[in-house]
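Below is one structure, written out as structure tokens; comments come after it.
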Amino acid sequence: MAGKSKKPVVFSALEVANICSVVNQTAINWIRSGYLTAFKTPGGQFRVYPDDLLEFMKKREMRIPEELLAVCAMSRHENKNLLIVDDDRGLNTVIARYMEKKFDNLTIYQAFDGFDAGSQMTEHPIDCLILDLNLPGVDGFDLCRRISTNSRFNNPAIIVVTALEDADIESRISEYKVKLFLKKPLNLVELSEAIGGILYPAD
């Protein structure tokens, strides 16, 4: 992992309960019932991202504390997380180092197969994903579909990169909310400009 940003904020079930002025078990019940999006730590504890809690409270017309609004604003405008998924370790690292130099407020995670990508996305709220379609063990198209259709992955912007020459690739991934499709070899300047436009549109 590369990057210079601070660790993203997440809330425990107890912290959610305190913010919403309910008992801990009520917050756990919301999560278990699927009303409130959450993920589990390796130790089995629930964790909730600030934006998911904000959306939950807005839908139920609950009073939103100023502190929660501030945390959400900070996470949107300051710290962003990028995940690079490519089994070519050399290229993966080259992209990571380049983006680390280009963006001061970007935390960069690296995954080298589909399983590792899933684990990283469960642990971290990824804002943008660079995804190679030709991955070992997991079909890149299926991984793209899972990421784009499952809200537990934080609905990241997806940039697909591939060396595959299939003529129908773009049409196959068009339904998966892919922001950009790039062919290898990559132009790092073009890639960084795309990431900047996606993550920092006001800059």
Would you kindly state the longest site-free stretch of the chain, with sites defined as trypsin sites (Lys or Arg not before Pro) in a DSSP loop (not H, G, I, E, B) surrounded by at most 15 other Cβ atoms within 10 Å?
-> 64-176
Nearby aspartates and glutamates by direct alpha-carbon distance to residue 59 (threshold 15 angstrom, same-chain neighbours under 8 apart not counted) = 51
Mind checking the range 8-78 for GluC sites (Glu not before Pro) that DSSP puts in a loop (not H, G, I, E or B) and that have at most 16 other Cβ atoms within 10 Å?
-> 61, 78
Roughly how many Å is it from the Cα centre of the range 18-44 to that of the range 104-135, as a whole number?
-> 25 Å
Summing +1 for each Lys or Arg and -1 for each Asp or Glu, what net charge is found among the other residues whose Cβ lies under 14 Å from the Cβ of residue 190?
-> +3
So which aspartates and glutamates pass the test for residue 58, namely a Cα distance under 16 Å, with those fewer than 8 places away in the same chain ruled out?
-> 66, 67
Looking only at aspartates and glutamates whose Cα falls under 18 Å of residue 183's and that sit 8 or more positions away or on another chain, we get 86, 87, 88, 132, 139, 165, 166, 168, 170, 193
Per the 1.4 Å probe, what fraction of the accessible area of the chain, in percent, lies on carbon and sulfur atoms?
-> 49 percent
Relative contact order of the range 46-203, pairs being alpha-carbon contacts under 8 Å that are 6 or more residues apart, as % | 18 percent
Which value, in nm² and rounded to one decimal, describes the direction-averaged projected area of the C-alpha convex hull of the range 99-203?
-> 6.8 nm²
Return one whole number: the accessible area per residue of the range 90-203 in Å², for a 1.4 Å probe.
-> 49 Å²
In nm, what is the difference between 0.36 nm times the number of residues separating residue 193 and residue 149 and their Cα-Cα distance?
-> 13.3 nm
Rg and Dmax of the chain, using alpha carbons, in Å: what are they?
-> 17.8, 55
DSSP loop (so not H, G, I, E, B), at most 13 other Cβ within 10 Å: list which GluC sites (Glu not before Pro) in the range 136-203 pass both filters.
-> 165
Give, in nm to one decimal, the length gained when the segment between residue 104 and residue 29 is fully stretched (0.36 nm per residue of separation minus the Cα-Cα distance).
-> 23.1 nm
Write down the percent of antiparallel bridges among all DSSP beta bridges whose residues are both part of the chain, to the nearest 5.
-> 25 percent
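The values are calculated or read from the model by the stated rules, or taken from the named source; none is laboratory data. Everything numeric here is computed off the predicted structure, so don't read it as measured data. Methodologically, a virtual Cβ is constructed for each residue, glycine included, from the backbone with ideal geometry; neighbour enumeration extends over all protein chains shown. When the accessible area is computed, the model is the full protein with side chains, heavy atoms only, and any ligands, DNA or RNA have been set aside. Shrake-Rupley method; radii C 1.70, N 1.55, O 1.52, S 1.80 Å.
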